[in-house]
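Visitor: Structure incoming, see below.
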Amino acid sequence: MAEGEGPSDSEIADAIEGFAQQFGFWYTRVIAEAVGSYRKLVIGRINPLVRQMEFNALGATDVARRLVQDYVNRNYVTAGGWAIEKMAIALGGNNAKAAAEGIDLHRYDPDTGDEHLYVIKSGTVTRNSDILKALKNHARRAEKLINQGGGKKRVFANYAVATGSTTSTFHDGIFRPSSAQFWSEVSGLEADKALRLVREIAIQAGKIINEDSQPHIDAMRALVEAYLETEPGSGEVDWDFVFDRTMREKDEWKAEDAARHARAVKGLAATGYVVVKKAKRPA
């Protein structure tokens, strides 16, 4: 970038740090705190009508690995969304975390005086009509707040997809910038430079992320495997019990659930792993 072009050095540094911090908070922390809740987060979400067919003859070790990896992947994507939002806000002096309900980023254009509101999705998903309807409502309320006192600023609502959207469209009052256009708008750079910049920021952030989640992932796998086994050390998944646990009244399986949980926890404790207690958050 030329001198004075695009984000300042400090804004780029903030974007790298913000990306790394958000990812650590929403991924590494969440995974660590999830181990003790494996029954709720993994076991209780098994669809026995589909998963038994999907995993077919796999043993308990492989089934546990697949189930936990599915959970981990969902959290990875969620954490990435928070990190991307933080990066976008940091990339421009005229960007801010929106105060308005339901809006992720608020950008002021000093050249035109216009206000731009963004809902940011990290990747391409099927557009949900409820999301777009909510965006319209939130944008109208935000416009009233921006113009309270008799102002007449123009306010534009944007549904932005940070990665994977290759075309820009406008329909029914909502702008849908391509991923390249979105990063261009929030960084003040032309599209190609904006894309190269955000890619490099993500790469650099990846080098400093304190991702020490692997021990927690391994612990959750061990718990799920021990819980699912028909008998300790059998290596076989007790699909009959899984079906009952997910489909029948709790009174019919709670005793067996408690016994399996005790067995799994005892085995994990023998490895020296200490379950992280979920931190209390302010109400």
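The values are calculated or read from the model by the stated rules, or taken from the named source; none is laboratory data. This structure is a prediction, so every number in the text was calculated from the model and none was measured. All Cβ positions, glycine included, derive from the backbone under ideal geometry; neighbour counts span all protein chains shown. Ligands, DNA and RNA are stripped out before the accessible areas are found, and what is left, the full protein with its side chains, is counted by its heavy atoms. Shrake-Rupley method; radii C 1.70, N 1.55, O 1.52, S 1.80 Å.
Visitor: Pop out the carbon and sulfur fraction of the accessible area of the stretch 1-57 as a percent, whole number, probe 1.4 Å.
Guide: 50
Visitor: Amide H to amide H, which residues 5 or more places from Val161 or on other chains are under 5 Å from it, using H placed in the peptide plane?
Guide: Lys121
Visitor: Accessible area per residue, 1.4 Å probe, Å², for the chain: what's the number?
Guide: In whole numbers, the chain has 56 Å² accessible per residue.
Visitor: Order Phe243, Phe19, Phe170, most accessible first, counting only protein heavy atoms with a 1.4 angstrom probe.
Guide: Phe170, Phe243, Phe19
Visitor: At what distance in angstrom do the alpha carbon centres of the stretch 180-197 and the stretch 224-259 lie from each other?
Guide: 51
Visitor: Could you report the accessible area of Asp130 in Å², rounded to 10, computed with a 1.4 Å probe on the protein chains as they sit in the structure?
Guide: Roll a 1.4 Å probe over it and Asp130 shows about 110 Å².
Visitor: In whole angstrom, and with the biggest value first, how far do the Cα coordinates of the stretch 1-84 range along each principal axis?
Guide: Over the stretch 1-84, Cα extents along the principal axes are 61, 25, 19 Å.
Visitor: Which of Pro232, Pro48, Pro110 moves most in a GNM of the chain, Cα contacts under 10 Å?
Guide: Greatest mean-square fluctuation among the candidates belongs to Pro110.
Visitor: Also, quick follow-up: Filter the chain for me: DSSP H helices, axial length by Cα at least 15 angstrom, mean Kyte-Doolittle hydropathy not below -0.5. List them by residue number.
Guide: Result, helices passing both filters: 9-23, 60-90, 191-208, 214-228.
Visitor: Which order do the peptides 152-160, 253-261 take when ranked by the mean count of other beta-carbon atoms within 10 Å per residue, highest first?
Guide: Per-residue Cβ counts within 10 Å, averaged per peptide and sorted highest first, yield 152-160, 253-261.
Visitor: Please build a GNM for the chain, connecting alpha carbons under 10 Å apart, and tell me which residue among Met53, Met220, Met87 fluctuates the most.
Guide: Met53
Visitor: Nothing charged except the Cβ atoms of Lys and Arg (+1) and of Asp and Glu (-1): what's the magnitude of the dipole of the stretch 127-283 about its Cα centre? Round to the nearest 20 debye.
Guide: Dipole about the Cα centre, nearest 20: 1500 debye.
Visitor: Of Lys97/Lys144; Lys121/Lys278; Lys121/Lys144; Lys254/Lys278; Lys40/Lys277, which ones are farther than 20 Å apart at the Cα?
Guide: Result: Lys121/Lys278; Lys121/Lys144; Lys254/Lys278 exceed 20 Å.
Visitor: Could you name the aspartates and glutamates whose alpha carbon sits less than 12 Å from that of Lys133, not counting residues in the same chain fewer than 8 places away?
Guide: Partners within reach: Asp172.
Visitor: Could I ask something else about it? Could you grab the Rg to Rh ratio for the stretch 151-283? Cα atoms only, Kirkwood for Rh.
Guide: That ratio equals 1.23.
Visitor: If you count only protein heavy atoms and use a 1.4 Å probe, how large is the accessible surface of Asp14, to the nearest 10 Å²?
Guide: Here the residue's solvent-accessible area equals roughly 80 Å².
Visitor: OK, next. Using only Cα atoms, figure out Rg for the chain and give it as a multiple of 2.2 N^0.38 Å.
Guide: 1.25
Visitor: While we're here: What does DSSP give for the chain in terms of the percent of beta bridges that are antiparallel, rounded to the nearest 5?
Guide: Taking every DSSP beta bridge with both residues in the chain, the antiparallel ones total about 55 percent.
Visitor: For the stretch 179-283, give the percent of accessible area contributed by carbon and sulfur heavy atoms, probe 1.4 Å, rounded to a whole number.
Guide: 53
Visitor: Using a Gaussian network model of the chain with C-alpha springs under 10 Å, which one of Gly18, Gly92, Gly206 is most mobile by mean-square fluctuation?
Guide: Gly206
Visitor: Next question. Assigning unit charges at the beta carbon (Lys, Arg +1; Asp, Glu -1) and nothing else, what dipole magnitude in debye, to the nearest 20, does the stretch 1-134 show about its Cα centre?
Guide: Dipole about the Cα centre, nearest 20: 1280 debye.
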